[in-house]
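*Asks:* Starting off with a structure, shown below.
The values are calculated or read from the model by the stated rules, or taken from the named source; none is laboratory data. Keep in mind it's a predicted model, so treat the numbers as computed, not measured. Note that we place each Cβ from the backbone using ideal geometry, even for glycine, and neighbour counts take in every protein chain shown. Accessible surface areas use protein heavy atoms only, side chains included; no ligands, DNA or RNA. Shrake-Rupley method; radii C 1.70, N 1.55, O 1.52, S 1.80 Å.
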Amino acid sequence: MKRLGINIDHIATLRNARGELHPDPVYAAQFVKSNGADSITIHLREDRRHIKDIDAKKICAIKNLKVNLEISTNMAIVKTALKIKPNYICIVPENRKEITTEGGLNLKINKDKIKNIIRKFKKKEIRSSLFINPSLNDIQISKEIGVDCIEIHTGHLANLVKSKRDYSKEFTRIKKCAVLANKLGLDIHAGHGLDYKTTKLLSKIKEIKEFNIGHFIIGESIFFGLSKVIKKFKKITK
Ligand code: PXP
């Protein structure tokens, strides 16, 4: 069985829209864990668009909860992450104007910088991961960098499936990357843009051990949870 990591950034997005405390991402982290999530992911962005430092600190302090903290290569963020000391870190590319993480890291340009960052996390016994495009070359570079794990960006595949275009080449590319990474001894995660259909499709790749899913799960929960909340209000206002 694959592990399911749940990204709760958008709980914080919703909270921040009002500048108040509800819905609380710290409570959300505990809630998703008690409902079966194997780990939770939070992205501490340079612009602090959703998760704030205090959220990350509190979430990483929750006992028996595996937290995967996504960060960019910005050294101030790296320093903060080293202090927060999550179980796992995942280095992702970041660009201020993006709506979401648009692609994997550029490992050719950033190899030495990332290697240096990974070394710092290893010293603190924090498992490290790199968010990369499905490219055989990037898998090789990830191995050279000395990371424990890679997360394959599945956004392109997800877009092809959603727009009903031929996704077979992209699927084969991801499969080949997973096979190579497995041979090299890297743990393999996959994420971005996943929904029921794409997760089912990618579940066929046995080398993938973990999915990290955020936006679709949070969006879908609105429809599965809304009827309960409306019923509760009807009862209160009766
Ligand atoms: N994995 C990584 C490394 C990400 O950056 C993101 C998006 O923040 C996700 C998974 C989750 O993507 P989505 O919200 O589209 O499910």
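*Asks:* Provide a single number: the residues in region 89-106 that are under 12 Å from Leu130 (Cα atoms) and surrounded by fewer than 21 Cβ atoms within 10 Å (Cβ to Cβ).
*Replies:* Residues meeting the conditions: 3.
*Asks:* Take Ile114 and tell me if it is in contact (Cβ under 8 Å) with a residue 24 or more places away in the chain and either surrounded by fewer than 19 Cβ atoms within 10 Å (Cβ to Cβ) or closer than 29 Å to Thr198 by Cβ (or both).
*Replies:* For Ile114, the condition - in contact (Cβ under 8 Å) with a residue 24 or more places away in the chain and either surrounded by fewer than 19 Cβ atoms within 10 Å (Cβ to Cβ) or closer than 29 Å to Thr198 by Cβ (or both) - is met.
*Asks:* Of the residues Lys85, Lys79, Lys57, Lys33, which is open to solvent by 80 Å² or more (accessible area, probe 1.4 Å) and on the phi > 0 side of the Ramachandran plot?
*Replies:* Matching residue, one of Lys85, Lys79, Lys57, Lys33: Lys85.
*Asks:* Go over the candidates Ile77, Ile6, Ile42, Ile91 one by one and state the one that is at pLDDT 95 or above, within 16 Å of the ligand (Cβ to nearest atom) and in contact with a His (Cβ under 9 Å, 6 or more places away or on another chain).
*Replies:* Being at pLDDT 95 or above, within 16 Å of the ligand (Cβ to nearest atom) and in contact with a His (Cβ under 9 Å, 6 or more places away or on another chain) holds for just one of Ile77, Ile6, Ile42, Ile91, which is Ile42.
*Asks:* Just to be sure before I move on: is Thr154 under 21 Å from the mean Cα position of the chain (by Cα) and either of a type in the set (Ser, Thr, Tyr) or open to solvent by less than 20 Å² (accessible area, probe 1.4 Å) (or both) in the structure I sent?
*Replies:* yes
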